[in-house]
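All remarks here apply to the structure that follows.
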Amino acid sequence: MRIIIFDMDGTLIDSGHDITVSVNHVRKKIYGLGPLSKEFVVEAINRDQRNLALMFYGTPLYEPAAQQEFERHYHKQCIRSPRLYPGIRSLLDSLGNRGCCLSVATNAPARFAGRMLSHLGLGPFFDRIVGGEDVEEPKPHPAMLLDILKSYRYTPGRDRALMVGDSAKDMEAARRAGITGVFAAWGFSRAGGGDVVLSDPWKILPLVAEGDA
């Protein structure tokens, strides 16, 4: 069995604009603050250690009003302008045709992830979409990945598994889950760790075909 687990934001989908729009909406409506750049927001999201409430809103903890307003706004905004990274749809077609098992592990709420993937026509490709609220600890903890692997009855040595993501959190989760980490350098971050660093989604196919995972 060949199992490919994908991160979503910055790996399958460029959602940076919509995330930034919703963050800036909350900054203005709740806190009376000016806008942040997309570059800042995306870089902040992908940091290993960060306090997003402090970085985005100047508060040490997420305040309920701000969190509720973000979720209300982002529910509509998240399907306004997300785009697939080049080659993703055809890659998923090819992996599916090869009999690979595909799932998504994202620290974003699963309801947003499912909405975005369905909007872009990717929903049918994936067996499972596991979000940050579905486990006790999000990535870099391996809980998401282990949950997905367990659902496939993954057996090391018999089966092969990859975690494809664009952040150090994804690569650390893969390491702790005991599977191969593939860093997606086409996404939000251009450099990172992992067992393999790829600049093009299509380069995943040789890993699957050759059994290097």
Farthest toward the dipole's positive end in the chain, which of ILE30, HIS141, LEU92, given Cβ charges of +1 (Lys, Arg) and -1 (Asp, Glu) about the Cα centre? ILE30
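Using the number of other C-beta atoms within 10 angstrom as an exposure proxy, rank HIS75, HIS25 with the fewest first. Don't skip to the end; give the middle numbers.
On the way: HIS75 14, HIS25 17.
Taking fewest neighbouring Cβ atoms as first place, the list is HIS75, HIS25.
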Let's see if you can work this out: charge +1 on each Lys and Arg Cβ, -1 on each Asp and Glu Cβ, no other charges. What is the dipole magnitude of region 149-202 about its Cα centre, in debye to the nearest 20? 280 debye
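Residues with beta-carbon under 15 Å from that of GLY16, excluding GLY16: net charge, scoring Lys, Arg +1 and Asp, Glu -1?
Working: positive: LYS38, ARG47, ARG80, ARG83, ARG190; negative: ASP7, ASP9, ASP14, ASP18, GLU39, GLU43, ASP166.
In short, -2.
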Within region 52-155, GluC sites (Glu not before Pro) in DSSP loop having at most 12 other beta-carbon neighbours inside 10 Å: GLU136
Which whole-number value in Å³ per residue fits the convex hull of the alpha carbons of region 68-213? 111 Å³
Once you put a point 7 Å from the Cα of THR59 and another 7 Å from the Cα of LEU33, both along the Cβ direction, what distance in nm separates them? 1.0 nm
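What is the chain's relative contact order, in percent, from Cα pairs under 8 angstrom and six or more apart in sequence? Could you put the intermediate results ahead of the total?
On the way: 372 pairs, mean separation 54.3, N = 213.
Value for the chain: 25 percent.
Please identify every one of the trypsin sites (Lys or Arg not before Pro) in region 130-204 that sits in a loop by DSSP and has no more than 13 other beta carbons within 10 Å of its own beta carbon. Could the numbers behind the result be given before it?
On the way: sites: LYS150, ARG153, ARG158, ARG160, LYS169, ARG175, ARG176, ARG190, LYS203; in loops: ARG153, ARG158, ARG190.
Taking region 130-204 and a limit of 13 other Cβ atoms within 10 Å, the loop trypsin sites (Lys or Arg not before Pro) found are ARG153, ARG158, ARG190.
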Determine one quarter of the surface area of the Cα convex hull of region 16-77, which equals its mean projected area, and express it in nm² to one decimal. 3.8 nm²
LYS169: which lysines have alpha carbons under 16 Å from its alpha carbon, excluding same-chain residues fewer than 8 sequence positions away? LYS139
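By count of other Cβ within 10 Å, fewest leading, how are LEU61, LEU198, LEU122 ordered? Walk me through the intermediate numbers first.
Numbers: LEU61 11, LEU198 17, LEU122 22.
Taking fewest neighbouring Cβ atoms as first place, the list is LEU61, LEU198, LEU122.
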Say R0 is 30 Å: what FRET efficiency, to the nearest 0.05, do LYS203 and ILE79 get from their beta-carbon distance? 0.55
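Looking at the chain only, what percent of DSSP beta bridges run antiparallel? Nearest 5 please.
Numbers: 2 of 23 bridges.
That works out to approximately 10 percent antiparallel.
Excluding ASP166 itself, calculate the net charge of residues whose Cβ lies under 14 Å from the Cβ of ASP166, where each Lys or Arg counts +1 and each Asp or Glu counts -1.
Result for the neighbourhood of ASP166: -4.
Note down the magnitude of the dipole of the chain about its Cα centre, charges +1 on Lys and Arg C-beta and -1 on Asp and Glu C-beta and zero elsewhere, to the nearest 20 debye. It would help to have the intermediate numbers written out before the result.
Details: 26 positive and 25 negative charges, 73 e Å.
Here the size comes out at about 340 debye.
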Put +1 on the Cβ of each Lys and Arg and -1 on the Cβ of each Asp and Glu in region 16-77; which of THR20, PHE40, PRO60 then has its Cα farthest toward the positive end of the dipole? THR20
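No lab work stands behind these numbers, since they all come straight from the coordinates. As the structure is a prediction and not an experimental result, all values here were calculated from the model. No Cβ is skipped: glycine too gets one built from the backbone with ideal geometry, and neighbour counts run over all protein chains shown.
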